[in-house]
Amino acid sequence: MQLQHTICLGVAGNFAHHLEQAGELKDFENVMTAEPDAPKGIFPFYLPGSDSFLGVYSIGTDRLTLPEYEANAQVEPEIAVLFDIVYDEGKKVIDLIAQKFTTFNDCTIRKEGAKKISEKKSWGRNSKGIGDTWIPIDRFEEGGVMDHYHLCSFVKREGILHPYGVDAPLLGYSYFYTKLKTWLIDKMNTQEDFGPLENIAAHLQATHYPKQALISIGATAYAEFGKKNYLKSGDEVYVIAYDHRTEDSSIEPSAHKVILHQKVSS
């Protein structure tokens, strides 16, 4: 699915321990949240039509291209949800309608001195990755299809498959379903340009109020290999969502499994 006309946003800090492991907690030390486990904010990683680096369509499928300069890049295994955006007459976001979900690699470079999260998120084409299949969302609340899915990730290096992120149920997200949607709507309308965060309402205006948003809703914590190893050319990345009632976490395809598989190059 091509998303060139869709604003693409990410959620920072929506899984316990991820920011600490990624070494990014200090970036948010002055960002206040309503609850201790609340996400820190929203960041853009693709702005259709923008003249900035965020205007480059960065989402790949089977390839992940590392920056030309030396960079400490890590997989960020996530679920991405495609939402329809509903605006009122004043172009304020009043609803987000979840349509479908897939797996996502919000690959991030650990870049010292970056003023905004977005500076670590996009560096050109194929700096992100999206799954091969979309699962329709029957309802974005408990009792729906997403209740049963888990998210896991692996990196294959020199023929050996290593767990990269922990295997986690989607219900393990700190903010999910209605709580997440309410929070997203608020941040899309009110988040200010402060610290590592950006004014999302201004981005919506600059992109001519797109009808849809792809939102990656947060990365899992890292497994031991993920904590200690950055990506290298020649690695293979797998980000997998599977229905735990009928499937396992293997990289083998099956009926209700969503697999993102990328080969890493520089």
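Every number in this text was worked out from the coordinates using simple rules, so none of it is lab data. Not measured: the values here are computed from a predicted model. Note: ideal-geometry Cβ built from the backbone for every residue, glycine included; neighbour counts use all protein chains shown.
The table below lists the values:
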| item | result |
| --- | --- |
| Furthest towards positive pole of dipole, PRO210, SER265, ILE137, structure part the range 127-266, Cβ charges | SER265 |
| Contour excess over end-to-end distance, with Cα ends at TYR57 and THR133 and 0.36 nm allotted per residue | 25.4 nm |
| Label selected from [x] 15.4; [y] 13.1; [z] 12.2, the criterion being mean projected area of the Cα convex hull in nm² as computed here | [y] |
| Set LYS211/LYS232; LYS187/LYS227; LYS120/LYS227; LYS40/LYS128; LYS91/LYS115 screened for pairs whose C-alpha atoms are more than 25 Å apart | LYS211/LYS232; LYS187/LYS227; LYS91/LYS115 |
| Ellipticity estimate at 222 nm from DSSP helix runs (n ≥ 4, -39,500 (n - 2.57)) divided over the chain, nearest 500 | -3000 deg cm²/dmol |
| FRET efficiency estimate (nearest 0.05) - Cβ-Cβ, GLU142 to ASP95, R0 25 angstrom | 0.85 |
| Dipole of the chain, positive end: most advanced residue of ASN199, ALA221, TYR46 [Cβ charges, Cα centre] | TYR46 |
| Magnitude of the charge dipole, the chain, Cβ model with Lys/Arg +1 and Asp/Glu -1, debye to 20 | 500 |
| Chain lengthening between LYS115 and SER50 when straightened (0.36 nm per residue, less Cα-Cα) | 21.5 nm |
| For the range 117-266, projected area of the alpha-carbon convex hull averaged over all directions, nm² | 10.6 |
| Evaluated at q = 0.19 Å⁻¹: base-10 log I(q)/I(0), Debye formula over Cα of the range 44-95 | -0.96 |
